[in-house]
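The values are calculated or read from the model by the stated rules, or taken from the named source; none is laboratory data. Predicted model, so just to flag it, every value in this text is computed and none were measured. Backbone-built Cβ (ideal geometry, glycine too); neighbour counts: all protein chains shown. Surface accessibility is based on the protein's heavy atoms, side chains included, excluding ligands, DNA and RNA. Shrake-Rupley method; radii C 1.70, N 1.55, O 1.52, S 1.80 Å.
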Amino acid sequence: GLKITMRITEESMKQTSGEISAENQNIKKPEEPHLTEREKLRSMNFQDKLWYIWNYYRFHMVAAVLAIVVAVNVGTVVYHGTFHTALHCMIINSRDEEGFQAEPLEQDFASWAGMGKKDEIISETTFLAFGDDASEYIYASMAKISALVAAKDLDVMICDEETLDHYSSMDGYLDLEAVLPEDLLNVVKDRLYYTKNGDGTRHAYAVDISGTAFAENSNIQLSPALFGIVSNSVRTETSLDLLKYIFEVAK
């Protein structure tokens, strides 16, 4: 019979292997479909979407939020820098401190006085006591008032007798008989409050506004409610206008 002998050499093995590799390289693998972010999210349920967004975009989200916060803060500072303080009023020791209504002062009076949108009226309430019973809050309030007066940024105090007497003894108020126009003085002369200054002499350093529509609408619960103009105020005319408004005296 016919006997065929096949000799497999190392060279023939390499050749055969090379041919198979070439064939494999020529076979193209199917490409995976490329999904957009919207398509990926559309295929997920709500929980998976939240997980995906948080894991892949949290740093972008935090950076965006921080950028917005910085922009808002800067914008607020710049915007408020264009405002002009028209009057700063402190209401002290009203029995319902948190119930104070600012609209009669900050809106109604501002409209009566013909102020613009950027003429800002500031009103604050606080509580003071004098003597050994003063708390840290009271000391902080007194320090704030001192700082405002030193900066010439406080115009009017509406307060009780004890507070009025305390600051009057430090020459803290204008003598109203000396600064009120005659028509306004004639209206309030029976409401003037006299007390001593630093020299011990008595002057009309306040006017009692209790019982007025302004005091009632503002919910100023003081009896008497003493209106004093701070002695170093740079907005005295506006403070006098407020008194005219309260007692319905024409400008």
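Details
- Between residue 248 and residue 182, the contour length at 0.36 nm per residue exceeds the alpha carbon distance by 22.3 nm.
- Added length on full extension, which subtracts the Cα-Cα distance from 0.36 nm per residue, residue 223 to residue 85: 46.8 nm
- A 1.4 Å probe, protein heavy atoms only, puts the accessible area of residue 183 near 80 Å².
- Counting only protein heavy atoms and a probe of 1.4 Å, the accessible surface of region 183-243 is 41% carbon and sulfur.
- Cβ-Cβ distance of residue 42 and residue 67, R₀ of 30 Å, FRET efficiency by 1/(1 + (r/R0)^6): the value works out to about 0.60.
- Trypsin sites (Lys or Arg not before Pro) lying in DSSP loop within region 78-182, provided at most 14 other Cβ fall within 10 Å: 95, 117, 118, 152
- Residue pairs, from the table 118/244; 144/251; 144/189; 117/189; 117/244, whose Cα atoms sit over 24 Å apart: 144/251; 144/189; 117/189
- Residue-span extension gain [residue 111 to residue 132] - 0.36 nm each, minus C-alpha spacing: 3.2 nm
- For residue 204, distant residues with modelled amide H under 5 Å away: 176, 177
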